[in-house]
Amino acid sequence: MKLKVGWLEILLLAAVLLLFVYGFFIRPSLSNYLSGEPSAVFDYLIGSIYPRFLIESHRYPADQFIALADQIVGRGFMIALLLFVFIKLLKKYRWKRLWVGYWNGKVSRDQYRGLNFIFFLMVAYIAWDFHTDLLALERLSPLYKPVSFLWLFEIPLPNPFFIRLYTYSLIVFCLLAAVGIKRGFFNLYILSIFIVLQAFVFSFEKTDHHLTTVTYALMLMPFMHFLDRGKDHLPDWPLKLIQLTIVGVYFLAALEKLSLSGFDWPSVSLCRHLADLAPGVFVNDRLCQLIGYSLLSLEFFFPLALLGGKWRWVFLAGGLIFHLGNYGFTGIGGWAHPWWLMYMFFIDWSRLGALLKKGQIPLPLQWQ
């Protein structure tokens, strides 16, 4: 019997080999490093991936960090295995036609125009947050520990003049991109500056994930520009990839909770934590647990929003209620938070796009 090996089997084999290498080589070396054995490689990797490690290492034992690394590697392997099974099922049960049809859809140019306008207005709003945050952090420059490419190229923290230059230019280019001026060039510039400014913020041993989906969207929006040939419709696969990243972060958040605590995550300890954040509000343990299980279910099944129809609005409304409630009761996040603002990629903006095209919205510049 001839064994047929394709690229999918090779990728699965690579995932198994990486799991083997981690278990027999990387994990013991990491354990020695956490026990005090010096390693320049781990210094760089941990400093780039987990900048708060030096602080957290004084609060938690080494075994907890080993367990965290095991969870990350195990979760990655499980995702690879699920993808392998999913693609195999697509081929076996001839779902390929549906799959290809999903990614070969079209979107109207009016929808793209309206979405582009709203999205870059939001990025301009976020750029102002960078301005205020970095000016405040500049006063703490002795605590600056550059991460990733900032560390590699020894890039210092910019002074207030350059902070204002970077953020003001980002805002201006976002406004120009919003109305369709030089979208390709400005998209790439906005993406580059956006990542650099995030790296500066992360260099104070605090990694904030609230801009994750915005960054992914900035990486994919330039493709919409290059696919735009002036026709009434253009391929929509970049927009669907952005939708996939949005639902994906919720799903992975649910996996994170399950991997850390299992189905006991919405436990009494969570209720105590909520009670500390909002005294006088979360006083009933059963209510807290109900909220916890509801949130876990919302995150785990959020990918169903990709199906469209009523399911989409159920999950988007649930996500909006969660984020606004989280800020209202605990002060975590904000009213205009990127997590729910990114739901814009599930909304039809074609009417707005048509108005922009006709010049019926009074703007100093109109869509080109």
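What follows is calculated from the coordinates using simple rules that are stated; it is not laboratory data. Here the structure is a predicted model, which is why all the values come from computation and not from measurement. So basically every Cβ, Gly included, is an ideal-geometry build from the backbone, and we count neighbours across all protein chains shown.
Listed values, structure above:
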read-out: Listed residues PRO303, LEU152, VAL201: farthest to the positive end of the dipole of region 106-358 (Cβ charges); value: PRO303
read-out: Full-extension gain in nm, LYS357 to PHE329, via 0.36 nm per residue minus C-alpha separation; value: 5.9 nm
read-out: Backbone HN-Hα couplings from phi across region 318-325 [Karplus 6.51/-1.76/1.60, Hz, Gly and Pro as x]; value: x, x, 5, 4, 4, 5, 5, x
read-out: Table column - 3J(HN,Hα) (Hz), region 115-121, Karplus curve with 6.51, -1.76, 1.60, x for Gly and Pro; value: 5, 4, 4, 5, 5, 6, 5
read-out: Radius of gyration, Dmax [region 98-197; alpha carbons; angstrom]; value: 17.3, 55
read-out: Computed E for PHE77/TYR168 - FRET, C-beta separation, R0 35 angstrom, nearest 0.05; value: 0.20
read-out: Kirkwood Rh and Cα Rg combined as Rg over Rh, evaluated for region 106-358; value: 1.00
read-out: Potential lengthening between TRP311 and LYS231 on full extension [0.36 nm per residue; Cα-Cα distance subtracted]; value: 25.7 nm
read-out: Ranked list, fewest to most other Cβ atoms within 10 Å of each Cβ, for ILE246, ILE66; value: ILE66, ILE246
read-out: Packing-based ranking, highest mean first, of 330-338, 183-191 given that Cβ atoms within 10 Å are counted; value: 183-191, 330-338
read-out: Separation of the PHE161 and ASP63 label points, Cα + 7 Å toward Cβ, nm; value: 5.5 nm
read-out: Förster radius 45 Å - calculated FRET efficiency between THR132 and TYR44 (Cβ-Cβ, nearest 0.05); value: 0.90
read-out: Added length on full extension, which subtracts the Cα-Cα distance from 0.36 nm per residue, PHE84 to LEU121; value: 9.4 nm
read-out: Cβ-derived FRET efficiency at R0 22 Å, ASP208 paired with LYS145, nearest 0.05; value: 0.90
read-out: Cut-off under 5 Å, modelled amide H: who pairs with HIS233 long-range; value: ARG109
